[in-house]
Amino acid sequence: MADPEKSGLTALLASKAGGRFVSTTIEVSALVALLLAAVGGSRLWALPPALLAAVLLAWTWRGALRGGAVPTAKAVVPRVLLLACAYLVGVVHGGVDAALAVGVALAGLAVLGEAPLGLMSRAAYPVTANLPGIGARPYRRPNTSRSVLVNGAAVLVALGCAFTGALAVISAAVSAAALGLALFTSWQALTRVRARRTSEQNLFTALSAHEPAFVVHWNAPAGTAYQIAMWLPYLERLGRRFFVLVRSEANFNEVAALTTAPVVLRTALEDLDDVVTPSLRVAFYVNTATRNNHLIRYTKLTHIQLNHGDSDKVPSHNPVFRMYDKNFVAGQAAIDRFAANGVSMPMEMFTVVGRPQVENVAVAAKPIASIANPRVLYAPTWAGFYADSNYSSLHVGYDIVKALVARGCSIVFRPHPYSRRSPALARECDRIRALLEEDHRVNGRQHVFGNQAEVKMSVVDCFNASDAMVSDVSSVVADYLYSEKPFAMVAVSTSAVTFTDEFPLGRAGYIIDAHSGRVQGLDAILDDFLGADPLVPTRHDLKKYYLGDIPPERYAQHFLDEASRHL
């Protein structure tokens with residue numbers, strides 16, 4: 001099971017508005033503590049606001065204790081105010097050993113040094129991985145979070161010594177360690193910035209010597225490596241030298257873990273001149289990221305869009321596809337989709353290459369009605385970036401899975417990786433997992449979900465482990481069509497009556513109506529879906545329309561042949 005989704009007060013504080021409230025509270029509390037310390041009197045006057053500020057600071061940095069990052073130069077002002085409070089309470093009014101003043105001064109220097117440390121660290125990004133002549137993965141950023149946390153500890157120790165009158169030498173020692181770590185981390189950052197600049201100076205020479213025939217350009221949010229991961233094995237099978245060009249450090253780290261081909265990080269538009277070498281012929285793209293424009297401007301290259309799936313979703317007929325020289329599509333359905341939605345594109349811009357990723361998808365061996373307790377894959381999509389691309393059925397997924405389990409089905413549950421980005425969808429995922437766990441405990445059915453279905457098993461593994469599938473408007477459905485096994489699609493954005501008008505692939509599937517926000521007529525749909533299955537011939541015909549009329553023994557090779565023509 002994944003960690004429970006944030007709820008209640010925790011969710012509120014973790015939101016943007018909650019974050020601003022916490023930051024303001026920390027600053028105000030630290031200022032109040034300093035003012036009360038300046039007034040004099042009992043040292044206990046300043047204790048409550050100082051304690052509140054310290055506790056909230058620790059709470060905001062709790063993620064670092066689980067391996068997360070803490071930004072440098074964040075909450076500098078309240079930490080300096082707390083150090084000033086410690087000095088007034090301990091040294092001026094409390095008569096504590098002067099070593100506390102040394103501790104406060106050293107901790108202050110360490111905290112104030114976070115801003116320049118952050119600047120140096122941000123400049124110490126990696127440039128290449130796996131590129132001969134430059135090396136493997138050198139010069140990753142130094143661990144600035146560790147320094148920030150030790151600085152925070154120095155502030156807390158100084159406060160503790162001031163309010164308790166404990167040995168002030170402890171504060172001096174901890175603050176000296178914090179400043180020493182800050183200086184060491186700064187030295188690391190400086191050396192890595194120098195190494196990064198050396199790598200950049202040698203980049204064009206090293207890439208030219210590598211003589212790549214093509215480049216794969218990828219820019220996407222962190223956690224979306226599946227977009228490029230599905231294509232790398234087939235691009236490697238082309239047998240030509242290439243490199244992957246990424247545009248963020250998160251992308252760099254993800255791709256470097258996926259391939260032994262050179263990976264190059266270039267963040268700015270003006271950085272790309274150093275990677276367009278004389279040997280380059282083709283640039284491949286696997287999504288429609290805005291930064292693709294940066295490389296498209298090199299007209300000597302042939303720009304080929306591969307995309308990361310085929311579906312009837314709105315993004316699949318985006319006019320932005322016009323800017324590529326070629327669009328490699330799975331089948332005729334992708335071409336017709338543009339015309340059907342008023343996006344005019346000349347036929348020469350398209351090449352049907354199938355979906356090589358489905359080459360190992362097993363085709364149905366027997367009718368679904370002959371399987372006593374079928375295994376059903378439930379693979380819902382996520383909410384999308386925009387309202388017009390929200391096709392997720394997760395809000396009714398519990399009812400669908402419950403009905404399948406009641407019919408004796410075992411379930412493979414694989415939600416879209418982005419489902420956890422929505423608190424509401426994450427809660428529905430947890431509900432479904434809890435349902436499957438309880439059914440396994442009571443009835444012993446072997447459901448597959450969680451890490452096993454989402455990480456250890458590939459999408460194709462999930463396809464082959466199932467006898468049927470329930471999904472949404474998603475590229476998963478077109479890929480599953482290759483198996484010719486029955487599938488159902490959940491109508492969320494429109495009613496079941498008009499669903500196939502907008503999403504033609506639904507003609508090959510059984511439509512579950514959830515347009516009203518709840519499932520309707522599910523039992524009748526499941527009778528056909530798991531029983532007579534009258535859509536067998538329709539699936540067979542649409543398989544060629546959506547995935548290409550390509551002989552199965554040469555299915556992936558067809559893509560390789562078409563790609564090689566441009567190299």
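Summary table below
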| quantity | calculated |
| --- | --- |
| Near pairs, Cβ below 8 angstrom, 6+ apart or cross-chain, from region 188-210 (at positive phi) to any residue that is exposed (fewer than 14 other Cβ atoms within 10 Å of the Cβ) and in a helix (DSSP H, G or I) | none |
| Some residue of region 376-388 being farther than 26 Å from Ala333 by Cα and surrounded by fewer than 23 Cβ atoms within 10 Å (Cβ to Cβ) | no |
| Condition check for Ser393: over 25 Å from Gly450 (Cα atoms) and among the polar types (S, T, N, Q) | no |
| Tabulated pairs, region 326-340, first farther than 19 Å from Leu560 by Cβ and of a type in the set (Asp, Glu), second open to solvent by 10 Å² or more (accessible area, probe 1.4 Å) and in a helix (DSSP H, G or I), C-beta under 9 angstrom, 6+ apart or interchain | Asp336/Pro504; Asp336/Tyr545 |
| Positions within region 414-428 being out of contact with any helix residue (DSSP H, G or I) (no Cβ under 6 Å at 6 or more places or on another chain) and open to solvent by less than 80 Å² (accessible area, probe 1.4 Å), in sequence order | His416, Tyr418, Ser422, Pro423, Ala424 |
| Tally, over region 524-538, of residues that are small (Gly, Ala, Ser), open to solvent by 60 Å² or more (accessible area, probe 1.4 Å) and touching a residue at least 12 places away in the same chain (Cβ under 8 Å) | 1 |
| Near pairs, Cβ below 7 angstrom, 6+ apart or cross-chain, from region 283-311 (closer than 13 Å to Phe328 by Cα) to any residue that is open to solvent by 10 Å² or more (accessible area, probe 1.4 Å) and among the hydroxyl-bearing types (Ser, Thr, Tyr) | Gly309/Ser475; Asp310/Ser316; Asp310/Ser475 |
| Hits in region 94-137 - residues which are of a type in the set (S, T, N, Q) and open to solvent by less than 40 Å² (accessible area, probe 1.4 Å) | Ser121, Thr128 |
| Tabulated pairs, region 403-423, first free of Cβ contacts under 8 Å to residues at least 60 places away in the same chain and at negative phi, second small (Gly, Ala, Ser) and assigned to a helix (DSSP H, G or I), C-beta under 7 angstrom, 6+ apart or interchain | Val412/Ala453; Phe413/Ala453; Arg414/Ala453; Ser419/Ala426 |
| Sole exception among (1) surrounded by fewer than 22 Cβ atoms within 10 Å (Cβ to Cβ); (2) in contact (Cβ under 8 Å) with a residue 60 or more places away in the chain; (3) in contact with a Gly (Cβ under 9 Å, 6 or more places away or on another chain) for Asp513, by number | (2) |
| Scan of region 211-226 for residues that are open to solvent by 20 Å² or more (accessible area, probe 1.4 Å), touching a residue at least 40 places away in the same chain (Cβ under 8 Å) and closer than 19 Å to Asn253 by Cα, ordered by number | Asn219, Gly223, Tyr226 |
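The values are calculated or read from the model by the stated rules, or taken from the named source; none is laboratory data. The model shown is predicted, which means the values in this text are computed figures rather than measured ones. All Cβ positions, glycine included, derive from the backbone under ideal geometry; neighbour counts span all protein chains shown. Only protein heavy atoms, including side chains, enter the accessible area calculation; ligands, DNA and RNA are left aside. Shrake-Rupley method; radii C 1.70, N 1.55, O 1.52, S 1.80 Å.
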